[in-house]
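Visitor: If you scroll down you'll find the structure; I have some questions about it.
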Amino acid sequence: KFSFLTYQFRRYPLGFCFEMAEKYGFDGVEVWGARPHAYAYDMDADAVSDILELKKRHQIEISMFTPEILAYPYSLTSGSRKEVSEAVDYLIRSAEAAAAMGAGYMQVTCPHPGYGVNRAHVYEQVVEALMIICSRAQKEGVALVMEALSPSEGNLLTTAEDLKRLISDVNSPALKAMMDVVPPVIANEPFAEYFDRLKDDLVYIHLANSDGKTEFHSQLDDGVIPFIDMMQVFKNYSYDGWCSIELLAPYFKDPELYLAQSSRLIKNMRRELSI
């Protein structure tokens with residue numbers, strides 16, 4: 001199934017994203033967990049009811065709930081105990097919001113911990129925090145989905161092997177993994193590594209293209225990744241989970257235009273590969 005991260009439409013209300021998903025033939029939306037879309041602490045009964053109505057009206061699923069965790073003020077890798085504690089509370093509240101809106105997956109990431117820190121200590125801190133969050137998420141019926149980042153975004157989890165180790169150390173059925181296709185390109189890591197190492201724990205994919213040098217997420221047909229061939233690789237590994245378009249700046253300027261382009265490319269790809 002195909003969806004898109006609503007962050008691309010951050011200058012529009014969330015309802016507009018559901019309209020766009022229906023209009024351009026997407027199966028779902030990946031709901032950005034921040035204002036003006038769905039900040040966890042805004043998700044009272046009325047807000048959740050509005051989202052459930054959008055799902056019903058447009059017949060669009062929520063592929064994943066993605067609380068904002070790469071930007072201030074929440075981080076699981078912070079040197080501040082207060083910030084980490086608040087991040088844990090925030091992600092628990094986010095898992096509750098995800099469950100309420102019928103999202104079975106919630107994305108988590110580990111931003112750069114800063115320079116001059118003991119990364120082994122930070123890693124242990126993240127494992128302990130995730131154990132707490134996963135315990136609550138499991139009760140809510142939500143799986144946390146950890147994303148590896150490019151080294152410029154976060155140097156703690158950057159490869160498929162890093163994700164595999166984390167899943168083993170947290171040891172919770174509520175922790176899964178995803179692949180954003182940009183970090184493997186930057187890390188010179190084959191996409192196959194994610195499938196071979198993570199196997200059934202790989203449950204989600206972020207689609208974009210890459211300049212091959214930075215963390216920039218470019219439109220699907222503009223970069224070093226041959227899009228159709230990448231999707232052929234995914235098909236060869238029998239991947240049947242969600243694929244979600246993740247376009248950020250500068251695509252805020254006309255998000256419908258680039259969503260229309262993504263829709264066209266996906267439809268052409270599906271015809272060519274019989275997906």
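Visitor: Consider Ala71 against the criteria (1) open to solvent by 10 Å² or more (accessible area, probe 1.4 Å); (2) small (Gly, Ala, Ser); (3) at pLDDT 95 or above: it satisfies all of them except one. Which criterion is unmet?
Guide: (3)
Visitor: Could you tell me which of the residues Tyr194, Tyr105 is open to solvent by less than 20 Å² (accessible area, probe 1.4 Å) and farther than 15 Å from Val88 by Cβ?
Guide: Of Tyr194, Tyr105, the one residue that is open to solvent by less than 20 Å² (accessible area, probe 1.4 Å) and farther than 15 Å from Val88 by Cβ is Tyr194.
Visitor: With the structure loaded, tell me whether Lys213 is exposed (fewer than 13 other Cβ atoms within 10 Å of the Cβ) and closer than 24 Å to Tyr105 by Cα or whether it fails that test.
Guide: No: the conditions fail for Lys213.
Visitor: Return the only residue of Ala38, Ala97, Ala34 being buried (at least 17 other Cβ atoms within 10 Å of the Cβ) and touching a Leu at 6+ places or on another chain (Cβ under 7 Å).
Guide: Exactly one residue qualifies, and that residue is Ala38.
Visitor: Same structure again: Between Cys134, Cys110, which is modelled with pLDDT of 95 or more, under 19 Å from His217 (Cβ atoms) and not aromatic (Phe, Trp, Tyr)?
Guide: The unique qualifying residue is Cys110.
Visitor: If you don't mind, there's one more thing I want to ask. Taking the conditions exactly as written (farther than 23 Å from Ser262 by Cα and buried (at least 23 other Cβ atoms within 10 Å of the Cβ)), does Val145 satisfy them or not?
Guide: yes
Visitor: If we keep just the residues of the range 108-120 that are part of a loop (DSSP other than H, G, I, E, B) and more than 21 Å from the chain's Cα centre (by Cα), which is surrounded by the most Cβ atoms within 10 Å (Cβ to Cβ)?
Guide: Once the filter is applied, the top-ranked residue is Val117.
The values are calculated or read from the model by the stated rules, or taken from the named source; none is laboratory data. Being a predicted model, the structure only gives us computed values, none of them experimental. In this analysis, Cβ positions are derived from the backbone assuming ideal geometry, glycine residues included, and neighbour counts consider all displayed protein chains. Surface areas here come from the heavy atoms of the whole protein model, side chains and all, with no ligands, DNA or RNA. Shrake-Rupley method; radii C 1.70, N 1.55, O 1.52, S 1.80 Å.
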